[in-house]
Amino acid sequence: MGSMFKKKHLVVVVGPTAVGKTDLCVQLAKHYNTAIISADSRQFFKEMRIGTAKPTADEQQGVPHHFIDSHSIQQEYNAGAFEQDVLTLLGRLFLEHDVVIMTGGSGLYVRAVLEGMDEMPEADLQLREALTRQYEEEGLEPLLDKLQELDSLYFAQVDKANPQRVIRALEVCLSSGMPYSSFRRSEKQERPFHIIKIGLNRDRAELYSRIDQRMDLMLEQGLLDEAKELYPYRAHNALQTVGYKEIFDYLEGRYDWQEAVRLLKRNSRRYAKRQLTWFNKNPEEYTWFHPQQWQEIVAFVDEQMRNC
């Protein structure tokens, strides 16, 4: 992608789970007559239909969506590969469109596209949760074995009595697809297109009630049966995810159904809170709106495009 893309705009819309990113982005894509790239690290997998809240065909309203159902759960896919694939896709999309929308709640994947994967990647929150849980249940040994297999160089240096360090290194190896030791502190990549960043948020009570409603809807749609089908793949990165983990634990008899549903909702709310913390790390990076501030959002995007 050369300088020919200088006047091309990637509008990035982030925010916590259930905030309303899908609806807003479909409206934006129709307004600018363009396509949507999903940067949600769980919606790639076609087998994960219900628990990832993928936009249905109706919700997509005929707008082209990329990276939804693009992979099988049997394929490993990570942020480094996503960065390369999206840049290639943007090269094609920008030949036809001046504006492309990218949206999702997976901070690591968004950042890979915006800044590159050369510097130490940020945490994949879902994965960290899962590794921490594994450590609490099985101790450090299995994690150390895995680290030795994925990054023998760092394994030789790491303080083997420090679970935080071991978990951090593993999380980077697993989510980036590269050894922890291979990351060097380098400059973030300059992209040959203009980036406009928008964050969506709602009042906390409103957001939490939407999360609870979404979980109830997933359960009605058959999340339990979907989790049973996916149970054989439960060790896969993509399934270390709020919404599946709790049901797997229920299937293993760790708690009853009522408790599983309670934890599903609680853990989803916690995840939303951590997503907001992540996207707020550099407060000036995103400009925040309520998803219903349509006029203001379009005015903001238009102004950013004029001033680039």
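The values are calculated or read from the model by the stated rules, or taken from the named source; none is laboratory data. Since this is a predicted model, take the numbers as computed values, not measurements. Using ideal geometry, Cβ is built from the backbone for each residue, glycine included, and neighbour counts are taken over all protein chains shown.
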**Report entry** Lone unmet requirement of (1) without any contact (Cβ under 8 Å) to a residue 40 or more places away in the chain; (2) closer than 17 Å to residue 104 by Cα for residue 62
**Finding:** (2)
Query raised in the report: Out of the range 66-103, which residues are within 14 Å of residue 114 (Cα to Cα), modelled with pLDDT under 95 and not aromatic (Phe, Trp, Tyr)?
Result: 79, 80, 81, 83, 84
Requested in this report: Could you grab the pairs with beta carbons closer than 9 Å, sequence gap of 6+ or different chains, first residue in the range 232-249 and of a type in the set (Phe, Trp, Tyr), second one at pLDDT below 90?
Outcome: 233/73; 233/74; 233/239; 244/234; 244/238; 248/234; 248/239
Requested in this report: Could you tell me which residue of the range 148-180 is surrounded by the most Cβ atoms within 10 Å (Cβ to Cβ), considering only residues that are aliphatic (A, V, I, L, M) and more than 22 Å from the chain's Cα centre (by Cα)?
Outcome: 166
Query raised in the report: In the range 193-211, how many are surrounded by 17 or more Cβ atoms within 10 Å (Cβ to Cβ), part of a helix (DSSP H, G or I) and either among the basic types (Lys, Arg) or more than 17 Å from the chain's Cα centre (by Cα) (or both)?
Result: 3
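Based on what the data block shows, is residue 287 at pLDDT below 95 and not basic (Lys, Arg)?
Spelling it out, it is not the case that residue 287 is at pLDDT below 95 and not basic (Lys, Arg).
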Report summary line: Among 136, 119, 190, the single one that is at pLDDT below 90, part of a loop (DSSP other than H, G, I, E, B) and out of contact with any Phe, Trp or Tyr (no Cβ under 7 Å at 6 or more places or on another chain) is 190
Report summary line: Checked pairs for the range 145-165, first farther than 17 Å from residue 134 by Cα and of a type outside the set (Ser, Thr, Tyr), second surrounded by fewer than 17 Cβ atoms within 10 Å (Cβ to Cβ) and at pLDDT 90 or above, C-beta under 6 Å and 6 or more apart or across chains, list as 155/148
Requested in this report: For the range 21-59, enumerate the residues that are among the polar types (S, T, N, Q), in a helix (DSSP H, G or I) and over 19 Å from the mean Cα position of the chain (by Cα).
Outcome: 27
Requested in this report: Select from the range 142-187 the residues that are assigned to a loop (DSSP other than H, G, I, E, B) and of a type in the set (Asp, Glu) and write down the one among them that is nearest to residue 89 (Cα to Cα).
Outcome: 187
Query raised in the report: Within the range 122-133, how many residues are assigned to a helix (DSSP H, G or I) and more than 16 Å from residue 162 (Cα to Cα)?
Result: 5
Requested in this report: From 243, 253, grab the single residue that is on the phi > 0 side of the Ramachandran plot, more than 22 Å from the chain's Cα centre (by Cα) and not hydrophobic (A, V, I, L, M, F, W, C).
Outcome: 253
Query raised in the report: If you go through the range 84-92 one residue at a time, do you hit one that is closer than 27 Å to residue 23 by Cβ and without any contact (Cβ under 8 Å) to a residue 24 or more places away in the chain?
Result: yes
